[in-house]
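Single-structure report; data block below.
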Amino acid sequence: MSSTIRRLAAIALPVLLVCSCLAGVGLAAPLLPAVIKTRLPHDPKAFTQGLLYHDGFLYESTGLYGQSTLRRVDPATGQVLARRVLPATIFGEGLALVRGLLYQLSWREGRVLVSKPADLSPAGEFPLPTEGWGACVLNGMLVVSDGSDKLFFYDPATMAAIGAVSVTDDGAPVTRLNELELIAGQIWANVWGDDRIAVIDPASGRVTAWVDCSGLRPGVTATDLNKVLNGIAHDPATGRVWVTGKHWPELFEITVPGLPTGGAH
């Protein structure tokens, strides 16, 4: 997340949130409501930057300097089962599961931290040429967002660049792309400061739908204007989808009527 955006958050975020609610009118891509299936407790101190489901657990990356962590969470209770604290110089960001390992982005440090899911222990590191915001995996490639309208594709074995795509809705760039998750062949992307999730065709970059999560977000107070929607996890075997936000007290399992999520509910 850029330093400029952070400095302007206190002024701009209330406007952004209002505009995002209004922007659903006239969108080329349909706006579909998120329906809450289950509410779970979520650590309100967690500045959620990345979320994924693997082998019966949720894994979460949290940010802020001196507070960044990698966590394993029980999806049935929301309880944090294990946690690794990152060095104070690292701002944790997006998280993806690649070849059985967790790839955790850093914001501006130019590093991808690799960890073992079993015990969250370090298993390597790669350079990252851009800012790190969100991450997911598509056809063996690591997909990274950097807060712009671009999605970047990398070979996770070397972090060599493969390509990039610009994300648009009705031809207009969709910027501030944040946390990513691959669901039924489409990339779901949080948009910083927006209560909607963009559903993106990864081949063209075109937004095919928006998921309206405005009914989930807790009230934003003057003391925590960064309390925004961020964090998407998916179990492809069952089609279950979870979402949460930065400093949110709840984690939601949702369904989106009209959108395929794979598996069987």
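Grab the strands (runs of 3 or more DSSP E) fully contained in the range 113-198, keeping just those with 3 or more residues being over 18 Å from L95 (Cα atoms). Talk me through it step by step, then tell me what you get.
Values: elements: 122-127, 134-138, 141-145, 150-155, 160-166, 177-183, 186-191.
The qualifying strands (runs of 3 or more DSSP E) are 160-166.
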Q: Would you mind telling me which numbered condition in (1) out of contact with any helix residue (DSSP H, G or I) (no Cβ under 7 Å at 6 or more places or on another chain); (2) of a type in the set (K, R); (3) crowded, with 18+ Cβ neighbours inside 10 Å R196 fails?
A: (1)
Q.
Consider the range 51-107. How many of its residues are more than 17 Å from the chain's Cα centre (by Cα) and surrounded by fewer than 16 Cβ atoms within 10 Å (Cβ to Cβ)?
A. 19
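Under the condition of being of a type in the set (S, T, N, Q) and in contact with a Ser or Thr (Cβ under 7 Å, 6 or more places away or on another chain), which residue from the range 82-118 is farthest from E181 (Cα to Cα)? Spell out the reasoning first.
Of the range 82-118, the ones of a type in the set (S, T, N, Q) are 89, 104, 106, 115.
Now narrow it down to the ones that are in contact with a Ser or Thr (Cβ under 7 Å, 6 or more places away or on another chain): 104, 115.
Details: Q104: 14, S115: 19 Å.
Once the filter is applied, the top-ranked residue is S115.
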(Q) Let me spell it out: the conditions are (1) under 18 Å from the mean Cα position of the chain (by Cα); (2) surrounded by fewer than 23 Cβ atoms within 10 Å (Cβ to Cβ); (3) not aliphatic (A, V, I, L, M), and G132 meets all of them except one. Which number is the exception? (A) (2)
Q) Taking the range 41-100, which residues are part of a strand (DSSP E or B), modelled with pLDDT of 95 or more and either in contact with a Gly (Cβ under 6 Å, 6 or more places away or on another chain) or over 20 Å from W242 (Cα atoms) (or both)? A) T48, Q49, G50, L51, S61, T62, R84, V85, G92, E93, G94, L95
(Q) If I ask for residues that are closer than 16 Å to L51 by Cβ and in contact with a Gly (Cβ under 6 Å, 6 or more places away or on another chain), which ones from the range 105-120 would you list? (A) L105
Q) For residues in the range 144-181 being within 19 Å of the chain's Cα centre (by Cα), closer than 17 Å to A96 by Cβ and among the hydroxyl-bearing types (S, T, Y), which is surrounded by the most Cβ atoms within 10 Å (Cβ to Cβ)? A) S145
Q: Could you give me the residue pairs with C-beta distances under 7 Å whose first residue belongs to the range 177-200 and is free of Cβ contacts under 8 Å to residues at least 40 places away in the same chain, whose second residue is polar (S, T, N, Q) and surrounded by fewer than 24 Cβ atoms within 10 Å (Cβ to Cβ) wherever it lies, and which are 6+ apart or on separate chains?
A: Q186/T208
Q | Selected residue (criterion: farthest from F57 (Cα to Cα)) from residues of the range 102-112 that are part of a strand (DSSP E or B) and not polar (S, T, N, Q) | A | R111
Q.
Looking only at the range 217-255, count every residue that is buried (at least 19 other Cβ atoms within 10 Å of the Cβ) and modelled with pLDDT under 90 and tell me the total.
A. 2
Q. Is it fair to say P122 is farther than 24 Å from T255 by Cβ and in contact with an Asp or Glu (Cβ under 6 Å, 6 or more places away or on another chain)?
A. no
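The values are calculated or read from the model by the stated rules, or taken from the named source; none is laboratory data. In this text the structure is predicted, and so the values were computed from the model without any measurement. With ideal geometry, Cβ positions are generated from the backbone for all residues, glycine too; neighbour counts draw on all protein chains shown.
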